[in-house]
Amino acid sequence: MVVRSSSDTPPGGPRRPPLSTASLMLRLGGIAVVVAAVAGAFAYVHGNLDPQRLTPKALVDVLEKNNGVHPGFRRNHGKGVCVIGHFESSGEARAFSTAQVFNEAQTPVVGRFALPSGNPYAPDSSVPIRSLALRFTQANGQQWRTGMNSMPVFPVGTPEAFYQLQQAQSPDPATGKPDPTKVPAFFAAHPEAVPFLTWIKTAKPSASYATETYNSVNAFYLVDGNGNKQAVRWSMAPVARDAAGATAPEGGDFLEKDLVQRLASGPLRFQLNITLANPEDPVNDASKNWPAERKVLNAGTLVLEKTQPQLSGECRDINYDPLVLPAGIQGSDDPLLAARSAGYADSYLRRTSEVSQLPAAKQEARP
Ligand code: HEM
C-alpha cells in the first residue's frame with residue numbers, strides 16, 4: 001500500500017495529466033465550432049446570410065428612400081400630434097377578455113393622430129388616410145398599444161408585398177421621380193389589393209382627425225379567464241359625427257389646428273367597437289374584409305382631453321408597437337404584425353438617437 005503525504009495531492013484534487021497537442025487542438029476546435037454556430041445564428045437573425053431575406057432595416061430603408069430622412073421623426077406617419085385622455089370601459093368586452101382595460105372604470109391613454117407619410121412636412125390634403133395610435137396604461141402596469149388607420153383593410157397581406165409596393169414608389173435614380181408605370185404594374189400583379197383600391201377610390205382627405213373612424217386592420221385575439229380565444233378586429237368611431245370634417249381645404253396644416261379648436265370647447269369622444277370574427281373569417285390576412293354583419297361589441301369610450309406637440313409631448317418617445325399587449329389580448333399570426341413590431345423598433349431607434357439633431361426651436365422642453 002502506498003501512503004501519500006498531504007503534499008503529494010495538489011489543492012483542488014489530483015493533478016490531471018498534461019493535454020497532448022492533439023487533444024488541445026480538438027478542444028479549441030470545439031470552442032471555435034460553438035463560436036461559429038452562435039455567430040451564424042446572429043447573422044441569420046440579422047439577415048446577413050440571405051441577401052433576399054427581408055429585414056426590418058430594409059423595410060425602414062425603403063421608407064427613408066421614398067420620403068427622405070427627417071432626423072427625430074417617425075419613418076412612417078411622420079406628421080402628427082400627441083393627444084392625452086382616458087378610456088372608460090362599458091364592461092361589454094369583459095366576458096371575452098381578462099384585460100384590465102375592459103374591467104376598470106378608467107384607464108389613462110397617451111395617443112397620437114398622424115398622416116401616413118414618412119414626410120413630416122406633407123400637406124394635410126396630400127393623402128386621404130389619417131391614423132390614431134393609442135397607449136392604454138392599466139393599473140397593473142401592463143400596456144395595450146395599438147396603431148390604427150382610417151382605411152378598413154391594408155393593400156397587401158404580407159411584409160414582402162408591402163416592401164415591393166414601397167419599391168414601386170421609390171424615385172428612379174435617372175429622373176429623381178418614381179417611375180409612373182411601376183405602381184399600376186404592382187397592383188395588376190396583386191389582386192389582393194382590390195378591397196383597398198375599391199375603398200380608396202371614394203376616400204377623401206378629411207378636414208378633421210375628429211370625424212374619422214380608425215381601424216386595427218390586423219386581427220388579434222381576446223382571451224378570457226378560461227383561455228378561450230376569440231379572433232377580433234377593433235375600431236375607434238367618433239361618437240358625434242359632423243359634416244364639417246367631410247371636405248378638407250387644400251394644402252397645409254389644418255388638421256392640428258382643427259383638433260386644438262375642437263378640444264377648446266370640450267373633450268372628444270370615440271367608441272371602441274370590437275368586431276368578433278366567425279370561425280371562417282381570415283385572421284392572418286389584413287387585405288381581406290370581414291362580412292359586415294359580424295357581431296360588434298361596444299367596449300367603451302375613448303375621451304380625449306388635450307393635445308401636445310409631437311416633438312415635446314408624451315407620445316414622442318412611445319413606439320406604438322402593435323404587439324405590446326396586456327394579458328387578455330394576444331396577437332394573431334398575421335405576418336404583418338411581426339414585421340410592424342420589428343420595423344417600428346428600427347424606426348424608433350433611428351429617431352430617438354437623432355432627437356438632439358432637431359433644430360433648436362423644435363427641441364421644446366418635455367412636459
Ligand atoms: C409591413 C408593414 C408595415 C410597415 C413596415 C410599417 C412601418 C411603419 C413605421 C416604420 C412606422 C413608424 C414607427 C415609429 O417610428 O414609431 C409606422 C407607423 C405607423 N403604422 Fe405602420 N407599417 C406597416 C403596416 C401597418 C399597418 C397594417 C397598419 C394598420 C393599422 C399600420 C399603422 C401604423 C400607424 C397608425 C403608425 C403611426 C404610429 C404612431 O403614431 O406612432 N402600419 N409604420
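Per-structure values
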read-out: Residue satisfying all of: in the stretch 325-360; assigned to a loop (DSSP other than H, G, I, E, B), away from the ligand (no atom under 11 Å from the Cβ) and crowded, with 18+ Cβ neighbours inside 10 Å; farthest from the chain's Cα centre (by Cα) among these; value: Gly328
read-out: Count - residues of the stretch 91-137 that are out of contact with any Ser or Thr (no Cβ under 9 Å at 6 or more places or on another chain), under 23 Å from Phe220 (Cβ atoms) and away from the ligand (no atom under 13 Å from the Cβ); value: 9
read-out: Residue count, the stretch 203-237 (criterion: part of a strand (DSSP E or B), among the basic types (Lys, Arg) and away from the ligand (no atom under 15 Å from the Cβ)); value: 1
read-out: Residues of the stretch 160-192 that turn out to be in a helix (DSSP H, G or I) and of a type in the set (S, T, N, Q), as a count; value: 3
read-out: Any hit, the stretch 240-256, residues being of a type in the set (A, V, I, L, M, F, W, C), under 15 Å from Ile329 (Cβ atoms) and buried (at least 20 other Cβ atoms within 10 Å of the Cβ); value: no
read-out: Top-ranked residue of the stretch 274-310 - restricted to ones that are surrounded by 20 or more Cβ atoms within 10 Å (Cβ to Cβ) and within 13 Å of the ligand (Cβ to nearest atom), ranked as nearest to Tyr348 (Cα to Cα); value: Gln310
read-out: Conditions (1) more than 23 Å from Leu255 (Cα to Cα); (2) buried (at least 22 other Cβ atoms within 10 Å of the Cβ); (3) in contact with a Phe, Trp or Tyr (Cβ under 8 Å, 6 or more places away or on another chain); number of the one not met by Met148; value: (1)
read-out: Residues within the stretch 312-322 that are away from the ligand (no atom under 12 Å from the Cβ) and either buried (at least 19 other Cβ atoms within 10 Å of the Cβ) or of a type in the set (Val, Ile, Thr) (or both), tallied; value: 0
read-out: Lone unmet requirement of (1) at positive phi; (2) surrounded by 15 or more Cβ atoms within 10 Å (Cβ to Cβ) for Ser117; value: (1)
read-out: Condition met for Ser287 (farther than 15 Å from Gly111 by Cβ and touching a Gly at 6+ places or on another chain (Cβ under 6 Å)); value: yes
read-out: Qualifying residue in the stretch 299-308 (condition: outside any loop (DSSP other than H, G, I, E, B), of a type in the set (D, E, K, R) and in contact with a Gly (Cβ under 9 Å, 6 or more places away or on another chain)); value: yes
read-out: Qualifying position, being near the ligand (Cβ under 9 Å from one of its atoms), hydroxyl-bearing (Ser, Thr, Tyr) and modelled with pLDDT of 95 or more, among Thr146, Thr181; value: Thr146
read-out: Within the stretch 127-160, considering residues that are aliphatic (A, V, I, L, M) and touching a Pro at 6+ places or on another chain (Cβ under 8 Å), the one nearest to His86 (Cα to Cα); value: Ile129
read-out: Test result for Gly157, more than 17 Å from the chain's Cα centre (by Cα) and in a loop (DSSP other than H, G, I, E, B); value: no
read-out: Checklist (1) at negative phi; (2) surrounded by fewer than 20 Cβ atoms within 10 Å (Cβ to Cβ); (3) part of a loop (DSSP other than H, G, I, E, B); (4) more than 14 Å from the ligand (Cβ to nearest atom) applied to Glu88, failing item; value: (3)
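The values are calculated or read from the model by the stated rules, or taken from the named source; none is laboratory data. Quick caveat, the model's predicted, so the values are computed rather than measured. For neighbour counting, all protein chains shown are included, and Cβ atoms are generated from backbone atoms with ideal geometry for every residue, glycine included.
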